[in-house]
Structures are given as C-alpha cells and as structure tokens.
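The values are calculated or read from the model by the stated rules, or taken from the named source; none is laboratory data. Just so we're clear, the structure is a prediction, and the values are computed from it rather than from any experiment. Note: ideal-geometry Cβ built from the backbone for every residue, glycine included; neighbour counts use all protein chains shown. Remember, those area values only see protein heavy atoms, side chains included, never the ligands or the DNA or RNA. Shrake-Rupley method; radii C 1.70, N 1.55, O 1.52, S 1.80 Å.
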Amino acid sequence: MNFTLKIWRQKDAKSKGGFETYKVSDISEDTSFLEMLDILNNDLIHAGKEPVAFDHDCREGICGMCSLHIDGKAHGPGQGATTCQIYMRKFKDGATITIEPWRSAAFPVIKDLVVNRGAYDQILQAGGFISVRTNSVPDANAIPIPKADADEAMDAAACIGCGACAATCKNGSAMLFVAARVSSLAKLPQGRVEGARRAKAMVAKMDELGFGNCTNTGACQAECPKSISIAHIARLNREFLSAKFED
Amino acid sequence: MAFKLDAKIPAGELAQKWSNHKAAIKVVSPANKRKLDIIVIGTGLGGGAAAASLGELGYNVKVFCIQDSPRRAHSIAAQGGINAAKNYQNDNDSVYRLFYDTIKGGDYRAREANVYRLAEVSNLIIDQCVAQGVPFAREYGGLLANRSFGGAQVSRTFYARGQTGQQLLLGAYAALNKEIAAGTVKSYPRHEMLDLVIENGEARGIIARNLVTGEIERYGAHAVVLASGGYGNVFFLSTNAMGSNGSAAFQCYRKGAGFANPCFTQIHPTCIPKHGTQQSKLTLMSESLRNDGRIWVPKKLEDVKALRAGTLKPSEIAEEDRDYYLERRYPAFGNLVPRDVASRAAKERCDAGFGVNETGLAVFLDFKTAIARLGKDIIKQRYGNLFDMYEEITDVSPYEEPMQIFPAVHYTMGGIWVDYNLMTTIPGLYAIGEANFSDHGANRLGASALMQGLADGYFVLPYTIGDYLSHKIQAPKVDTNTPAFEEAEKAVRAKIAKLMSIQGKQSVDDIHKRLGNIMWENVGMARSKESLTKAIAEIKALRAEFWKDVKVVGDPMSFNVELEKALRLADFLELGELMARDALNREESCGGHFRVEHQTEEGEADRDDEHFAYAAVWEYKGMDAEPEMTKEPLNFEFVHLAKRNYKD
C-alpha cells in the first residue's frame, strides 16, 4: 500500500510548527500505524533528515504513551483502540493521512508529535490515591466487596492516562480522566474514607492547570481508547457536590 | 581480579531466615533518614514501590524514568496476574509450596533463601494492593478470585482482567504520587541514566540525560537503586516495550557490578507470530489463556499443507486428527507446563514440519472445548480484551477459529548480581525486580515477575537498605563537583560526541535488526557450541561496524530519539556478546537455556548439577576484552535437586 502523509513538524516548544508532506510506499496491510511511521523515519534518516518525533512505548495499547490525532480523530480510526493498535488495513490504499499532536492547550508540544502531559500527573498527585502506608494494612479478604462494585471500579481503572479525552474535548476538559480515577476509588470501601477530600482536591487542581469545563458533549467517551463511560463523570459530580455540601 | 562474592544468606532454618535477618540488621532513625538521599532508576513495580516506600519512611528520594510519566513503565503491560500463597482456594497452597514451585520452575538455578523470602512476602503484596484500591477480580461472595498459571497445580494467581500489571503499577504509582505530593520524592520523567558515579568504591550518584533538552546532569545520593527492568530488546523483536533497554544495568556492569547468568532468557510460548519484515515488536497473548485454551497442531502433514494453502480451516480438522502435544507429552500439567517447556515443545513440532502458517512458525491455541463447556459469555468475560486485541492485529476472531501463537523473547532472568540484601558488588548500589538475577533461576514462572518486583520494592529493599545507610548517617550531602562526577560526565559527553560524529550509512534500527537476527538464530531457543561461537564473532564484527557506520541525525542538545536509541544499541552490542559467552560457558541445559548438546533422549533439558549448580557472575574488562567469570555456588540445603518432571 502507498500513502501520502501530512505531518505536523515543530522543532521545539518555542518554535512555530507547520505541516510537511511525505510519501511512503510498499506498506503491508498488516503493518501497524506506528510501524508505518518507523518506515518513514528510517527513510528520512537515510536521506540525512531528522525523523518525526512521536511518543510510543509498549505498542500493545496499555502504556498510554502514544498520542496522535489521525485525520482529526484522537487515536485515529477504530473504536476502543490506541494509535499503536491501528493497522494499515484500516486505510484505503493511496490515501492522504493527516497526523497531528494532541490538540490541547494543557498539553504543550515538546517536539513534532510529542506533547507534555505532566498536567495529568499533577492532577493525580493532588489526591488520586488512598493514603495507606506500606505494610500497614488488613488482610486482603477482610472486607468483602460486591463483585458488581469491583467490576465497576475496574471499568474506570482501565484509564491509561493517554490524554485523548482532553485533546478531543472542545472545551479542553479533563473531566473523564479525573472522573475515572475518582469513580474507581469511590466504588471501593477502602477509597471511601478520603472520597470527599479527593474529589475536591483533584477538581481544584484540574481547574488550576487550565483544563476547561465539561458540557456533556460525550466526545471524550467516543474517543477514549478504553471506552470509559461518561457515567463516571456523573459520579464525580455527585462526589464533588456532596463534598461541597459537607463543607 | 575475580569477585569475592558473599551472598550474605542468613544462617538458620529456611522459614526463619528472613525474620532473623530483619531482627539483626540495623535501622535508621527518622531524624537521620531526613538527611539521607536515595536515587531510584525506573518506576515500574520495583522502582515505583521502592521509591514510594522509601519516601514514606522519610528518606529523600529522587526517581528517574525515561517515559513521560512514571505510570508508563513496562510493568504496565503484564497481563495475566500475580502469584501469592494465600491459599484462598483451599487447594492446599502454602508459602512452602510457592517456594518449591518457583525453585523447581527455575530449574534449580536460584538461591533457596531468596526464593523462600519471595514466597513469604507474597501474601503481604496482595493485602497492600487491595488496600491501595487495586480492583482485583472478585467472586460473587465479594472475596478475591484466583486462576491457575503454568508450573503450578494450585490456583494462586490474583488478577485484574487481562490488565493486572497495569492495575498493580497504578497502585504503586498512586503511592508514589502520595509521596511526591508530600515532598519526600522528586520525580524526573524523561530522564535517562547514562552512567553510575563511584567514589571510594561506593555508589555516589548518576549522570543522566534530560531527554527533552539534551542537557547532561549530575545527581548525587547516599545510595542508588537500579530498577530498570530487563534486556530482552537485545533481540530487537520481543514482547518488551520499544524503550525497554539494558543500558542502566550495563553502565553498572561496566563500572564493576557483577552481571549474573546473562544467558537466562525467557521465551514466552504464547505470542502472536511474526508477520513480516516491517514488524517492530511482538505481542504477547497472556499465559492465562492456557487455563482454557488447548494447544495443538495437526497430526497429518497433508492437513498442514491444506492449512497453509488456505483450502482448510483449522476448525474443520477433526478431533482425532489433532495432536494436543502438551497434553500428550506432559499429562500431569498438560497445557499449563512452564513457559520454557511449552516453548520448546512448540519449536519441536514446528521443526518437524507441523507449523500451521505460511512461515511454518505457528501452532494453534484453541478455545473450542472451553466455549462448548462454559459458553461464549464466560470466555468473553475471562479473556474478552485479549480476544479483541488478537482480532485487531490478525483480523481473525478467536471465538470462531483457534489463535495462532509462537514463542517470543519476553523476560530476562539474568541480571545484576545481588546479595540477600539486594546489594550489588558495588557498595551502595542495589538492584531490584527484573534488573537483578536473584529469584527466578533459569526460568520464571508466569505471574511471578509482578510478585518479585513488588516484593523487592515494598517489602525487602526498604528494610535492607537501612542496614547500609545506618553507616552513612554522618555522611554529608554528596557533592557532585568532584573529579569522579567530572570524569563520568566527560565520558558521557565524549561518547555522545563520538556517536554524532560517525555519520555513516546505517540507521540505528538497521543495525539493531541485524543484532536481533544474530541473537535469535544463535542465542535463542536452541543454542550450541557452534552457534554461540559464531554469534560471538558476528556480534564483535557488527559492533565494530556500528562504531564506524552508524548514522545518528539531529542535534544532541535537543529531544533526539535516534541518539537515545544509538546509546542503548551500543550497550546491547556488548550485552549480546556477554549473553553468548555465558551460554557457551554453561555446558548444560536448564530452564530457558537449552544447549542442543545436552538433552535427554526425549528431548528434555539435561541439567548438570555436578558441574553447573552455580550462578555465573561476570566482571567487565573492557569492550573487546574477555570478561572474567566468578562462580557463586548454589547450595541446596532444603530441597532435593531433582529432574523437573511435569509428566506425572
């Protein structure tokens, strides 16, 4: 298969970026999208040009490192898949493919397609944990937890922190990301203890870092590679409001 | 000068060693902990858990990772589960049984005392993770669920769907975030350790490259903890993440840390087969699939031909024409034999011409029987995400047709030598998790890597490091303006300048693929004196070629992925040779190390306890000089050395 690629190139955070056009040929349909970029990069290196910088690591859809807007869609075509899990058979032979970094003010570009997602770490540092000390805990089976609750906690905990939700949201909101963590811990008895404090602290940090507000468009859920439901945002709102009432 | 290895194994009964040792070692008072600095390299299960626990104890911790966030370390990709001796299933599991299974699974090439301690603390890990909010799978009664993994006849594996590593790592990362917020831990993402600094024979800090700006930076500490994972990517194609590398460990080896059993590599039996030359990595299908999946190839060669020609579907082959070769050869364990055994058995069938895809390098993993027994819904609940992933990659639905699988490089049991305290041959330098060599012998059992990483990080290192640091309470802050730091930084800058100056004709990946090919063909699943000698010569030649002909483009003082890769490949090109040398020295077959000269009539590994019941610990002597090997004898006081038997 052959493709024309329009790729965002940007030297560093301070420089102005722009699109460059490249051609790749003889790509197998079983080749993954990132392998296709590897092939382009190897060609560029042989031509003495700088390869395109993009984030990636596990290439199994779990580390959350890869992060591309492909033809205007976070993580490209396909439901419930990260960029690294997209295979070229999803594209038409001869297609022109536009590749951009995450589009979000909270995730500034570092170089080309690589962005800084440190804001997500900061939100979790504000309260996305249960304050237990190492080796100071009860037996794992001491508190039975209904299977349905544990399953729902797991649904939310599947978040890989890739940033697609905020990058997709027209308001640049990180609500799905924050909700996934808050909701996962809120469904478990051991997470309830700090529930109110957690919801307030994480929301406050999210606002402080310049993420936008949620207007329930549902775009985040549609683009989430782990199909995390916006029902968790409803739970976050409930947690946040009841925490505020307690004040 | 050969190493003087002292494993510092405490005396006494096996079950009392760790308790006795903990009672005997020193502790550091809270006021003094505040004055002590610790560097942790890596934020996977080992590094993340260690950094969080050490910060919580009151030490000043600096934690480094090459990814953009600590949460992305490769531990995250572990799918199937984590072992613990809870005996929640009432199937007569115990600490001793987990210990015994691990020693036996490792083909009697691990230290008894370390493995027993691992089994002993395994239960604490599950308690810890549940308290952190890890959403393990549960039964309808609300209690924790378990499943079985290879090399065990009990169900002791705890899991969170097919994302256990992710959930455990998010637990450790949350604990780390708690400490970052408290100010006891400072996180340095997108930083790569490029050298270890030693003063007066002790680890004093590191030289790191800021991967965003390209700056070379110095960091001092009273102790350095290496938690940088394994080196499976020496094979280019493996199940490891693209960034996983052996460089941090290799720098320590270069600076005098012993490297133990480098040839012990795990080839995982259930990976999606290679599809072509454009491939960048291999995808693992969790071992948990072997709970319900049955592995087979056709009995008749004509069926193999028809499959390859596409005129026959696997589901059309009758039961009596299928060879469930693991069930046939190993009736007691069946499809749940350890990984090394399952991988070799697949290779044996493929070598005999029964491989089921065009390349002849694939076998079937079939869920037909399980779907008939349990229904599609239950199978979907158990493995849905894995089935989806498989279909995404191959375009075939495992609900309709069997999966095709083939062995691939997955994990390295070898690593930096450590004593019982997890300290390396360099005082003040510790190695934990996959980066060390200590617990898995010649073959790691499934669901034991997560266990070891967390055991080391949460429950072992935070105690043992106190014993060393108790002697440092009057030591001042480490000054990084000293000749040792100066020299280390200069050497790093010179190496980078050299790499940038070559401007040859081959990209880093071009050369890495060639190295991978040499390794897979000669230092892979079947090794011989001939193949290993050949590999050593070829790697040497390739290394020379690399230093003359590699092309690294871009500016070193910027975000430069090619430079990162070149620095890592330079080390792989030495590490590959070390692996081949170690494999050549080990004139026996054990676990994942299979020397074709040493096999039984049935083709099983033929271990030689008389001559090789030791860990081979290698000492660096220079890039093109032969390393020197020192033996750490493995004394089995409590288990009887026996031939591994998974047949009855």
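Within the stretch A:140-164, work out how many residues are open to solvent by 20 Å² or more (accessible area, probe 1.4 Å), part of a loop (DSSP other than H, G, I, E, B) and either in contact (Cβ under 8 Å) with a residue 24 or more places away in the chain or at the interface with chain B (Cβ under 8 Å from one of its Cβ atoms) (or both).
The qualifying residues number 5.
Within the stretch B:142-166, which residues are in a loop (DSSP other than H, G, I, E, B) and either in contact with a Cys (Cβ under 7 Å, 6 or more places away or on another chain) or closer than 14 Å to residue B:382 by Cβ (or both)?
Of everything in the stretch B:142-166, those that are in a loop (DSSP other than H, G, I, E, B) and either in contact with a Cys (Cβ under 7 Å, 6 or more places away or on another chain) or closer than 14 Å to residue B:382 by Cβ (or both) turn out to be B:145, B:146, B:148, B:149, B:155, B:159, B:160, B:161, B:162, B:163.
Tell me which residues, restricted to the stretch B:302-333, are part of a helix (DSSP H, G or I) and either touching a residue at least 24 places away in the same chain (Cβ under 8 Å) or closer than 18 Å to residue B:406 by Cβ (or both).
Hits for the stretch B:302-333 are B:304, B:307, B:308, B:314, B:315, B:325, B:326, B:327, B:329.
Suppose we filter the stretch A:91-110 for residues that are at pLDDT below 95 and open to solvent by 30 Å² or more (accessible area, probe 1.4 Å); how many remain?
So the answer is 2.
Within the stretch B:508-566, how many residues turn out to be among the basic types (Lys, Arg), within 14 Å of another protein chain (Cβ to nearest Cβ) and part of a helix (DSSP H, G or I)?
Count: 3.
In the set A:193, A:178, A:132, which member is under 19 Å from the mean Cα position of the chain (by Cα) and either open to solvent by less than 40 Å² (accessible area, probe 1.4 Å) or touching a residue at least 24 places away in the same chain (Cβ under 8 Å) (or both)?
Going through A:193, A:178, A:132 in turn, just one is under 19 Å from the mean Cα position of the chain (by Cα) and either open to solvent by less than 40 Å² (accessible area, probe 1.4 Å) or touching a residue at least 24 places away in the same chain (Cβ under 8 Å) (or both): A:178.
Of all residues in the stretch A:67-91, which are part of a loop (DSSP other than H, G, I, E, B), at the interface with chain B (Cβ under 10 Å from one of its Cβ atoms) and closer than 28 Å to residue B:553 by Cβ?
A:67, A:86
Of all residues in the stretch B:369-409, how many are away from chain A (no Cβ under 14 Å), outside any strand (DSSP E or B) and touching a residue at least 60 places away in the same chain (Cβ under 8 Å)?
Result for the stretch B:369-409: 8.
Name every residue in the stretch B:171-204 that is out of contact with any Phe, Trp or Tyr (no Cβ under 9 Å at 6 or more places or on another chain), closer than 15 Å to residue B:37 by Cβ and open to solvent by 40 Å² or more (accessible area, probe 1.4 Å), in order of residue number.
B:183, B:186, B:202
Report whether or not residue B:22 is within 14 Å of another protein chain (Cβ to nearest Cβ) and either part of a strand (DSSP E or B) or open to solvent by 40 Å² or more (accessible area, probe 1.4 Å) (or both).
yes
Pairs, please: C-beta under 9 Å, at least 6 apart or cross-chain, first residue more than 7 Å from chain A (Cβ to nearest Cβ) and in contact (Cβ under 8 Å) with a residue 40 or more places away in the chain and in the stretch B:133-152, second of a type in the set (Phe, Trp, Tyr) and open to solvent by less than 20 Å² (accessible area, probe 1.4 Å)?
B:146/B:158; B:147/B:158; B:151/B:646
Name the residue, out of B:531, B:589, B:507, that is touching a strand residue (DSSP E or B) at 6+ places or on another chain (Cβ under 9 Å) and either surrounded by fewer than 21 Cβ atoms within 10 Å (Cβ to Cβ) or within 30 Å of residue B:647 (Cβ to Cβ) (or both).
B:589
Spot the failing condition for residue A:46; the list is (1) buried (at least 21 other Cβ atoms within 10 Å of the Cβ); (2) more than 18 Å from residue B:233 (Cβ to Cβ); (3) facing another protein chain (nearest Cβ under 10 Å), and only one is missed.
(1)
Quick one: which of B:100, B:108, B:116 is open to solvent by less than 20 Å² (accessible area, probe 1.4 Å), under 23 Å from residue B:418 (Cα atoms) and modelled with pLDDT of 95 or more?
On inspection, the qualifying residue turns out to be B:108.
Please work out which residue is nearest to the other protein chains (Cβ to nearest Cβ), limiting yourself to the stretch B:54-83 and to residues that are more than 22 Å from the chain's Cα centre (by Cα) and outside any loop (DSSP other than H, G, I, E, B).
B:56
List pairs: first residue in the stretch B:157-168 and at the interface with chain A (Cβ under 7 Å from one of its Cβ atoms) and open to solvent by 10 Å² or more (accessible area, probe 1.4 Å), second residue of a type outside the set (Gly, Ala, Ser) and not in a helix (DSSP H, G or I) anywhere in the structure, Cβ distance under 7 angstrom, at least six positions apart or on different chains.
B:163/A:62; B:163/B:79
Name every residue in the stretch B:339-390 that is more than 30 Å from residue B:599 (Cβ to Cβ) and among the β-branched types (Val, Ile, Thr), in order of residue number.
B:369, B:371, B:378, B:379
Those residues that are at the interface with chain B (Cβ under 9 Å from one of its Cβ atoms) and not in a loop (DSSP other than H, G, I, E, B), I need them from the stretch A:165-192; list them, please.
Of everything in the stretch A:165-192, those that are at the interface with chain B (Cβ under 9 Å from one of its Cβ atoms) and not in a loop (DSSP other than H, G, I, E, B) turn out to be A:181, A:184, A:185, A:190, A:191.
What's the total number of residues in the stretch B:613-630 that are surrounded by 15 or more Cβ atoms within 10 Å (Cβ to Cβ) and either in contact (Cβ under 8 Å) with a residue 40 or more places away in the chain or under 17 Å from residue B:249 (Cβ atoms) (or both)?
10
Could you run through the stretch B:205-223 and say how many residues are among the hydrophobic types (A, V, I, L, M, F, W, C) and touching a Phe, Trp or Tyr at 6+ places or on another chain (Cβ under 7 Å)?
Count: 5.
List pairs: first in the stretch A:111-125 and modelled with pLDDT of 95 or more, second open to solvent by 10 Å² or more (accessible area, probe 1.4 Å) and part of a helix (DSSP H, G or I), Cβ under 7 Å, 6+ apart or cross-chain?
A:122/A:205; A:123/A:205; A:124/A:181; A:125/B:180; A:125/B:181
Please give the number of the condition residue A:137 fails out of (1) within 14 Å of chain B (Cβ to nearest Cβ); (2) open to solvent by less than 10 Å² (accessible area, probe 1.4 Å).
(2)
So, in the stretch A:1-43, how many residues would count as being within 12 Å of chain B (Cβ to nearest Cβ), touching a residue at least 12 places away in the same chain (Cβ under 8 Å) and within 16 Å of residue B:555 (Cα to Cα)?
4
Tell me the strands (runs of 3 or more DSSP E) entirely within the stretch B:202-293 that contain at least 1 residues that are within 14 Å of chain A (Cβ to nearest Cβ) and in contact (Cβ under 8 Å) with a residue 60 or more places away in the chain.
Qualifying strands (runs of 3 or more DSSP E): B:265-271.
Between residues in the stretch B:514-530 that are closer than 18 Å to residue B:540 by Cβ and residues that are open to solvent by 80 Å² or more (accessible area, probe 1.4 Å) and outside any helix (DSSP H, G or I), which pairs lie under 8 Å by C-beta distance while being six or more apart or on different chains?
B:529/B:597
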